[in-house]
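Enquirer: There's a structure below that I have some questions on.
Each reported figure results from applying straightforward, stated rules to the coordinates on display, with no laboratory input. None of these values were measured; they are calculated from a predicted model. Glycine gets a Cβ as well: all are built from the backbone with ideal geometry, and neighbour counts include every protein chain shown.
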Amino acid sequence: MEFFVTLIQVFDSTIRLATPLLLACLAGLYSERAGIFDIGLEGKMLMAAFFSAAVAAVTGSVWLGLLAGIASSLALSGLHGLASITFRGNQLISGVAINFLAAGMTVLVAQSWFQQGGRTPSLFGGGRFTPIEFPFAEAISTVPIIGPIYSELLSGHSILVYIAFLMVPLTWWVLYRTRFGLRLRAVGENPAAVDTAGVSVVGLRYAAVAICGVLCGIAGAYLATALQAGFVKEMTAGRGFIALAALIFAKWRPWHAMGACLLFGLLQAVALRFQNIDLGGVVIPVQVMDALPYILTVVILAGFVGKAIPPRAGGEPYVKER
Amino acid sequence: MTVPAIELKGISKAFGPVQANKDISISVAPGTIHGIIGENGAGKSTLMSILYGFYKADKGEIWINGQQTSIPDSQAAIAAGIGMVFQHFKLVENFTVLENIVLGAEDGGLLGPSLAKARKELKELEEEYELFVDPDKRIDEIGVGAQQRVEILKALYRRAEILILDEPTGVLTPAEADQLFRILDRLRAEGKTIILITHKLREIMEATDTVSVMRRGQMTATVKTAETSPQELAELMVGRKVLLQVDKVPAQPGKPILEIEGLRVIDEAGVERVKGIDLTVRAGEIVGIAGVAGNGQSELLEVLGGMRPGLGSIKLNGAPLALSGSGSDGQARRAQHIAHVPEDRQREGLIMDFHAWENVAFGYHRDPAYKRGIFMDNAALRADTERKIEKFDVRPPDGWLAAKNFSGGNQQKIVVAREIERNPDLLLVGQPTRGVDIGAIEFIHKQIVALRDQGKAILLVSVELEEIFSLSDRIAVMFDGHIMGERLPQETDEKELGLLMAGVAGEAA
């Protein structure tokens with residue numbers, strides 16, 4: 001029974017930790033499916049984390065914070081779109097630039113705004129997203145098995161967690177059941193086909209990049225206003241890159257993306273829960289556990305997990321030609 | 001006098017200093033097949049791109065069915081009833097046929113109803129025009145002929161009344177091409193107007209009602225097809241008399257130079273591309289390998305040229321060649337006097353951003369004549385390039401120009417000059433005149449025949465049957481990694497080769 005409780009607790013924090021990864025991963029999915037590679041997920045999340053925390057701290061409203069986070073992430077998306085769609089620049093370089101820009105600017109602005117060593121004041125009350133309790137969660141928490149699953153695992157997360165997981169079926173539906181999805185997938189595979197069919201390649205790609213910006217914005221706001229209470233320097237801690245690895249692992253498919261993000265979330269949760277694991281004499285130090293998600297990222301990015309074929313036109317600016 | 005389906009008046013278009021179209025006027029009658037013929041770079045494709053909204057003309061008017069129309073983008077072209085089948089298909093490879101047809105012409109935001117409606121309409125179109133494809137197959141699962149039918153269906157689904165086809169037979173077998181022309185006849189009978197762009201005289205003569213000839217951006221003539229001849233059209237295209245047939249004396253084959261036995265090639269994906277072939281090429285003869293692209297010819301050339309490993313036995317002048325590991329690379333092959341004009345000159349024959357003189361050194365950069373101590377002797381290299389440029393009439397005669405700034409024909413002349421001037425025992429030639437204009441074709445063919453007459457062995461791979469016929473002393477047909485049969489050009493015809501190319505074995509195969 002004690003083991004079961006531990007299990008529920010680990011899974012519960014898996015969901016919390018997987019949420020920002022999932023949002024960022026789906027953000028990347030929209031962008032990359034449209035043929036725009038985005039390694040700037042990290043930077044957009046970081047920027048959104050800062051602005052959401054800053055605005056929430058100043059106004060006391062987490063919703064205004066969320067909006068500010070989304071707006072700041074969208075601005076960076078616009079920059080990436082301008083560089084890689086309009087000016088046909090190199091998408092990797094633009095993404096790297098955005099990451100640097102966000103890393104530097106957040107700390108700089110935070111310091112000059114709040115004078116707290118590059119962080120925002122701690123958020124409390126209306127400045128944070130609070131857990132949503134499902135009906136009867138308290139009542140059935142004592143029912144064996146089902147009780148804890150319902151009241152601990154499913155209930156008691158912030159609204160953003162539910163939004164993130166609802167985005168998975170929604171993304172699947174948009175991608176495979178709507179006109180927009182068909183065109184989005186087509187423009188990432190062969191923009192010339194879309195262009196000659198009389199549909200704007202530029203318009204589609206900007207739309208995809210904008211959706212990416214909104215989702216990254218939510219991811220960043222979640223980090224600073226729900227998972228934690230305020231912004232600290234470099235608080236994304238590579239989550240944008242882990243999300244990218246999850247996206248490749250998932251081969252750019254929404255349901256698989258959820259699976260991949262839950263796996264990474266689980267690794268992070270295990271590292272948090274079990275600090276030093278004693279395997280009959282051999283102690284695995286906490287650093288190894290902390291490093292696990294990153295090691296898995298490297299393994300995936302190095303291509304050890306099967307062959308992932310990215311959208312064919314990914315990374316290539318579209319130039320009209322015959 | 002009926003109203004023309006398309007009328008272009010005084011169309012001009014310049015790209016920088018290059019005048020691609022100069023004051024072009026053309027009138028196409030409805031319900032006819034109108035051919036546009038011209039060499040590469042004559043401006044045919046530019047003109048059609050203007051008509052399909054890819055480029056905007058600097059000057060001129062477009063009239064569709066008697067109404068002046070402006071076509072700023074492809075959407076406007078589609079709205080005006082124009083459909084285009086590009087030379088390189090604009091299909092999404094991992095989408096189904098149905099999804100490709102619907103893309104951009106959906107009804108409403110949801111996909112389900114659009115696909116259902118398209119499926120129904122597709123069935124009607126298929127029956128009306130005898131254009132059969134399986135709507136649920138993915139594009140990468142169907143052949144090029146079927147892919148082309150998808151492109152035509154795409155245009156018809158968008159209610160195109162005017163259909164433009166750009167070099168449509170480049171990727172087709174003779175049988176598939178015949179089928180295409182039957183479809184075009186059918187479309188014409190239903191009242192559609194068709195513009196056929198090609199550089200193949202035969203297709204113009206067979207399929208069109210009227211033909212316009214373009215040369216250097218200008219429309220030089222428009223004639224009724226029934227009232228002209230291939231010879232006349234060729235002259236109009238090039239601006240001078242050209243030999244459509246290569247002049248050559250009968251071959252005097254000597255001792256075997258290249259002997260291939262049981263050659264097998266397995267590619268990176270583990271697919272067997274060449275499935276055990278035997279072939280001999282003698283001194284003083286040209287052996288032509290015919291076949292539809294992708295039946296193992298490329299892999300055969302690549303093994304011989306040292307670009308990929310193979311299994312089996314290959315002898316050159318009686319001595320075995322290494323087929324894998326050390327001694328099997330391009331460097332070793334060149335040392336063994338095998339020269340190679342690869343199939344794709346832009347990817348394998350040249351580095352497009354490098355100067356012509358640098359490209360002349362490739363593969364032979366260790367030649368002592370190009371070296372001074374440990375350094376390259378660039379002056380000697382440039383002098384050698386000058387000589388080759390003059391001998392092969394490369395235009396413009398400027399060794400400092402980057403390879404990409406030469407026309408296709410002149411790029412190919414640079415590659416051919418580099419390889420032939422090495423005086424090899426065996427010359428491998430892949431698609432020597434792909435994307436090369438008629439004048440340069442004539443020149444390159446002459447050089448190949450001249451090398452043969454010096455007693456060298458030549459292995460030619462080409463998807464152009466005309467080229468195979470005019471150059472080869474012996475023809476081998478490849479299908480699905482096998483040699484289906486060998487024929488003498490004077491004892492066979494296009495029909496028989498076409499059957500062999502489609503995998504139908506001949507009696508003596």
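Enquirer: Can you give me the P(r) profile for the protein assembly as shown? Cα pairs, bins 10 angstrom wide beginning at 0, each as a whole percent.
Expert: Percent of Cα pairs in each bin: 2, 11, 17, 19, 18, 14, 10, 6, 2, 0, 0.
Enquirer: A follow-up question, please. Ranking request for peptides A:144-156, A:73-85: highest mean number of other beta-carbon atoms within 10 Å first, then the rest in descending order.
Expert: Working: A:144-156: 15.5, A:73-85: 22.8.
My ranking of the peptides, most packed first, is A:73-85, A:144-156.
Enquirer: Would you mind telling me the antiparallel percentage of the DSSP bridges in the protein assembly as shown, rounded to 5?
Expert: 60 percent
Enquirer: If I model a spin label at B:V246 and B:D329 as a point 7 Å from the Cα along the Cα→Cβ vector, what separation in nanometres do I get?
Expert: 3.2 nm
Enquirer: Testing the spin-label approximation: label points 7 Å from Cα along Cα→Cβ at A:A210 and B:E126. State their distance in nm.
Expert: Here the answer is 3.9 nm between the modelled labels.
Enquirer: List the relative contact order of chain A as a percent without decimals, with contacts defined as Cα pairs under 8 Å and 6+ residues apart.
Expert: Contact order relative to length: 34 percent.
Enquirer: Between B:F362 and A:V96, how high is the FRET efficiency from 1/(1 + (r/R0)^6) when r is the Cβ-Cβ distance and R₀ = 25 Å? Nearest 0.05.
Expert: After rounding to 0.05, the efficiency reads 0.15.
Enquirer: To continue, here is another question. Three principal axis extents, largest first, for the C-alpha atoms of the stretch B:6-238, in Å?
Expert: That gives 51, 37, 31 Å along the principal axes, largest extent first.
Enquirer: While we're here: Let's test this: bin the Cα-Cα distances of the stretch A:112-269 at 10 Å from zero up to the farthest pair and state each bin's percent.
Expert: 9, 27, 31, 22, 10, 2, 0
Enquirer: If you don't mind, there's one more thing I want to ask. Which residues among the stretch B:420-463 fall inside the zone where the amide N is under 20 Å from a point 7 Å beyond the Cα of B:K371, along Cα→Cβ?
Expert: B:422-423
Enquirer: On C-alpha positions alone, give me the angle between the axis of helix B:111-129 and the longest principal axis of chain B, in degrees, nearest 10.
Expert: Result, in degrees: 80.
Enquirer: Where the Cα atoms of the stretch B:256-501 are projected onto their three principal axes, how long is each span, largest first, in whole Å?
Expert: Sorted from largest, the Cα extents of the stretch B:256-501 read 50, 41, 35 Å.
Enquirer: Mind pulling the per residue volume of the convex hull built on the Cα atoms of chain B? Å³ is fine.
Expert: Convex hull volume per residue, Cα atoms: 171 Å³.
Enquirer: Sticking with this one: Which loop chymotrypsin sites (Phe, Trp or Tyr not before Pro) in the stretch B:83-146, with loop taken from DSSP, have no more than 16 other Cβ atoms within 10 angstrom of their Cβ? Could the numbers behind the result be given before it?
Expert: Working: sites: B:F86, B:F89, B:F95, B:Y129, B:F132; in loops: B:F86, B:F89, B:F95, B:F132.
Here the chymotrypsin sites (Phe, Trp or Tyr not before Pro) that fit, given the DSSP loop and packing criteria, are B:F132.
Enquirer: Let me check against my output: what whole-number percent is the relative contact order of the stretch B:6-238, with C-alpha pairs under 8 Å and at least 6 apart?
Expert: So the answer I get is 29 percent.
Enquirer: Rounded to the nearest 5, what % of DSSP beta bridges with both residues in the stretch B:6-238 are antiparallel? Show your work: numbers first, answer last.
Expert: On the way: 22 of 41 bridges.
Antiparallel bridges make up about 55 percent of those DSSP assigns within the stretch B:6-238.
Enquirer: Mind jotting down the three principal axis lengths of the stretch B:62-117 based on Cα atoms? Whole angstrom, largest first.
Expert: Per principal axis, max minus min of the Cα coordinates gives 38, 28, 16 Å.
Enquirer: State whether the stretch B:168-263 is rounded, prolate or oblate according to the following rule on the C-alpha gyration tensor (a ≥ b ≥ c being the square roots of its eigenvalues): a/c under 1.5 gives rounded; otherwise a/b larger than b/c gives prolate, and the remaining case gives oblate.
Expert: oblate
Enquirer: Would you list the P(r) distribution for the stretch A:5-156, with all Cα-Cα distances sorted into 10 Å bins from 0 and each bin expressed as a whole %?
Expert: Percent of pairs per bin, in order: 11, 29, 28, 22, 9, 2, 0.
Enquirer: Quote the relative contact order of chain B in percent (integer), defining contacts as alpha-carbon pairs under 8 Å separated by 6+ residues.
Expert: Details: 1022 pairs, mean separation 73.6, N = 509.
It comes to 14 percent, rounded to a whole number.
Enquirer: Can you find, among A:P311, A:G280, A:Q268, the residue sitting farthest towards the positive end of the charge dipole of the stretch A:232-322, where Lys and Arg contribute +1 and Asp and Glu -1 at Cβ?
Expert: My answer, from the dipole projection, is A:P311.
Enquirer: If Rh is defined by the Kirkwood formula over all Cα pairs and Rg also comes from Cα, what ratio Rg/Rh do you get for the stretch B:220-272?
Expert: The Rg/Rh ratio comes out at 1.34.
Enquirer: So, one more: Can you tell me the convex hull volume per residue for the stretch B:374-509, based on C-alpha atoms, in Å³ to the nearest whole number?
Expert: Convex hull volume per residue, Cα atoms: 147 Å³.
Enquirer: With 10 angstrom as the radius, rank B:D185, A:D38 by how many other C-beta atoms surround their C-beta, starting from the fewest.
Expert: If I rank by nearby Cβ atoms, fewest first, I get B:D185, A:D38.
Enquirer: Determine the sum of side-chain charges near B:S462: Lys and Arg each +1, Asp and Glu each -1, restricted to other residues whose C-beta is under 13 angstrom from that of B:S462.
Expert: Around B:S462, the surrounding residues sum to -3.
Enquirer: What does the charge count around B:I257 come to, taking other residues whose C-beta lies under 13 Å from its C-beta (Lys +1, Arg +1, Asp -1, Glu -1)?
Expert: The answer is +2.
Enquirer: Rounded to the nearest 0.05, what FRET efficiency do B:E206 and A:R177 have when you use their Cβ-Cβ distance and R0 = 35 Å?
Expert: Details: r = 46 Å, r/R0 = 1.32.
About 0.15, to the nearest 0.05.
Enquirer: I'd like the per residue volume of the convex hull spanned by the Cα atoms of the stretch B:449-509, given in cubic angstrom.
Expert: Spelled out: Cα convex hull of the stretch B:449-509, divided by residues, is 89 Å³.
Enquirer: Just tell me the longest site-free run in chain B, where the sites are trypsin sites (Lys or Arg not before Pro) in a DSSP loop having at most 12 other beta-carbon atoms within 10 Å.
Expert: Result, exposed sites excluded: B:367-509.
Enquirer: Please figure out what share of the DSSP beta bridges in the stretch B:256-501 is antiparallel and state it in percent, rounded to the nearest 5.
Expert: Antiparallel bridges make up about 60 percent of those DSSP assigns within the stretch B:256-501.
Enquirer: Given a Förster distance of 41 angstrom, what is the FRET efficiency for B:D267 paired with B:E386, based on the Cβ-Cβ distance and rounded to 0.05?
Expert: Calculated value: 0.55.
Enquirer: Please compare each pair in B:K22/B:K90; B:K13/B:K391; B:K391/B:K456; A:K320/B:K123; B:K315/B:K413; A:K251/A:K320 to a cut-off of 26 Å on the Cα-Cα distance and tell me which ones are over it.
Expert: Numbers: B:K22/B:K90 28 Å; B:K13/B:K391 34 Å; B:K391/B:K456 20 Å; A:K320/B:K123 33 Å; B:K315/B:K413 29 Å; A:K251/A:K320 28 Å.
Listed pairs above 26 Å: B:K22/B:K90; B:K13/B:K391; A:K320/B:K123; B:K315/B:K413; A:K251/A:K320.
Enquirer: Tell me, what is the Rg over Rh of the stretch A:179-273, with Rh the Kirkwood radius over Cα pairs?
Expert: Working: Rg = 16.9 Å, Rh = 15.6 Å.
That ratio is 1.08, to two decimals.
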